[in-house]
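The values are calculated or read from the model by the stated rules, or taken from the named source; none is laboratory data. This structure is a prediction, so every number in the text was calculated from the model and none was measured. Glycine gets a Cβ as well: all are built from the backbone with ideal geometry, and neighbour counts include every protein chain shown. When the accessible area is computed, the model is the full protein with side chains, heavy atoms only, and any ligands, DNA or RNA have been set aside. Shrake-Rupley method; radii C 1.70, N 1.55, O 1.52, S 1.80 Å.
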Amino acid sequence: SPRRRAPPPPRAADDDAAPAVPSPPISSPRDDDVLPDSLTDALAQAAAATAAAIGGGARRATVELQLPEFWDAASGAVFAEAGDQARFWKLTRRFAEELGTALGPGSRVRALYPDAGTAAMLAAQWGDATFSMGAVSDRTPFSPDDDAVLLAAPDPPSLAAAVRVADLAAGGDGGIGA
């Protein structure tokens, strides 16, 4: 769309008046001005938006990073190249740490991975992580003191546990006693 300019100010009646200085163009941001420049920027924007939702009282939020090279709608996770899964887990770490930063100092973020083996492996690899880790199948998957609970890429076998955790995190009973 063409940029619009403000109309020039009225000119003085006499010819000796100084010429009017044109105003800068008036325009709204372009559609692509709000898009992130990189995957790192996308994770930071997603974390900031999630923190704003939590700050606004949201009990649940869905954050999806669409990475077609890692995901197939029909079959789920597709890690075709060696190291793809490790790169994917690193994205979950970056998001969890960005979310902790966006929530502010002292915030508690917990990432829940599809199984205990993955959670233990990542906890051992990331000893310096600024968030805690667990599995969706843990008996106590999160603490009431946690400010945010992330379900980090649940897979089909962990879906039922992920739904239970989401319900518990939102204040439901998660089917306990039912």
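At-a-glance table
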{"quantity": "Residue within the stretch 103-120 that is open to solvent by 60 Å² or more (accessible area, probe 1.4 Å), of a type in the set (S, T, N, Q) and in contact (Cβ under 8 Å) with a residue 40 or more places away in the chain present", "calculated": "no"}
{"quantity": "Residue check, Ala96 in contact with a strand residue (DSSP E or B) (Cβ under 7 Å, 6 or more places away or on another chain) and either among the hydroxyl-bearing types (Ser, Thr, Tyr) or under 21 Å from Asp167 (Cα atoms) (or both)", "calculated": "yes"}
{"quantity": "Criterion (under 24 Å from Val34 (Cβ atoms) and more than 12 Å from the chain's Cα centre (by Cα)) met by exactly one of Ala58, Ala124, Ala51, Ala129", "calculated": "Ala58"}
{"quantity": "Number of the condition not met by Leu91 [criteria: (1) under 17 Å from the mean Cα position of the chain (by Cα); (2) without any contact (Cβ under 8 Å) to a residue 40 or more places away in the chain]", "calculated": "(2)"}
{"quantity": "Number of positions in the stretch 76-110 that are in contact with a Ser or Thr (Cβ under 6 Å, 6 or more places away or on another chain) and among the small types (Gly, Ala, Ser)", "calculated": "1"}
{"quantity": "So Ile54, is it at pLDDT below 70 and open to solvent by 50 Å² or more (accessible area, probe 1.4 Å)", "calculated": "no"}
{"quantity": "Residues within the stretch 126-157 that are part of a loop (DSSP other than H, G, I, E, B), open to solvent by less than 50 Å² (accessible area, probe 1.4 Å) and among the polar types (S, T, N, Q), tallied", "calculated": "1"}
{"quantity": "Residue in the stretch 164-172 that is acidic (Asp, Glu) and either at pLDDT 90 or above or open to solvent by less than 80 Å² (accessible area, probe 1.4 Å) (or both) present", "calculated": "yes"}
{"quantity": "Cross-chain or 6+ apart pairs with Cβ under 7 Å, the stretch 133-147 first and farther than 21 Å from Met121 by Cα, then in a loop (DSSP other than H, G, I, E, B) and open to solvent by less than 40 Å² (accessible area, probe 1.4 Å)", "calculated": "Asp147/Ser107"}
